[in-house]
Every structure is written in structure tokens, then in C-alpha cells.
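One structure is given below, encoded as C-alpha cells.
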Amino acid sequence: MIPFLAIEPLQILLIVLAIIFFIFFIFMVKYLNLYVRSIFSGAGIGIFELIGMSLRKVNANVIVNSRVRAVQAGLDISRLQMESHYLSGGAVPNVVTALIAANRAKIDLTFDQAAAIDLA
């Protein structure tokens, strides 16, 4: 008799659920720090958005840190704008720093203008 064929259906279900839970736990450990930081700072980036960034080869740490800095400075820069600039090869933290400095100096500078300057 082959031992693995003697397993009951309930045991198979429990094993499959344990594997799914383990995979979910690995994802949560990887992104939990960024997710908690995003929620408590008001940046509003969800856990599935963080996973999506990873699938799109976007450094989630860069985007979350930049979004947190922008929100704390009172700037309304969307996560999608930052991701787009990152995927274009731009330096998102530098653009956010420039926008914060321009905002404090009362200089009118949009994200698109700063991103274009960064990519030039």
C-alpha cells in the first residue's frame, strides 16, 4: 500500500490550507512593516497595492517612503504618479525632495514638471 494514498480528504484539505496560509504569511511578513507605516502616516497604500508593486518590479520601499514624506509635507502626489516615474527610470525620492523644497519656498512646481526635469 502506498502511504500517501491512505490520507483522508479532510487531512488533504488541512494540508492545502496550511500551505496557503504559509504562503500568505510569507507575503505578510515581507510587506507588513511597509503597510503599517503607510497606514499610520496616512499615506494610504494597501497591502495588495504593495504586492502589486512587487509584481510590477517597483521598489515598494522607495514608493512608500516617498509617499510618507509627501503626505507629511502636505503634498498630494499619488502612488501611481510615483510608480510611473520609478518605472521610467526616475529618482522618486529626489523629485519628492524637490517638490517639498519648492512648496516651502512658495514656488509653483507640479509633479509632472519635477519628473520631467529629473528625467532630462
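A short reminder: the numbers here are calculations on the coordinates, not readings from a lab. Since this is a predicted model, take the numbers as computed values, not measurements. In this analysis, Cβ positions are derived from the backbone assuming ideal geometry, glycine residues included, and neighbour counts consider all displayed protein chains.
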In the chain, which helices (entire DSSP H runs) extend 24 Å or more along their own long axis, judged by Cα positions, while averaging at least 1.0 on the Kyte-Doolittle scale?
9-41
Kindly provide the trypsin sites (Lys or Arg not before Pro) of segment 34-107 that DSSP labels as loop, not H, G, I, E or B, and whose Cβ sees at most 13 other Cβ atoms within 10 Å.
R56, K57, K106
Surface/4 of the Cα convex hull for segment 24-120, nm²:
5.8 nm²
Ascending count of other beta-carbon atoms within 10 Å, so fewest first, for T97, T110
T110, T97
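So if we plug the beta-carbon distance of L10 and R37 into 1/(1 + (r/R0)^6) with R0 = 30 Å, what FRET efficiency do we get, rounded to 0.05?
That gives a FRET efficiency of 0.15.
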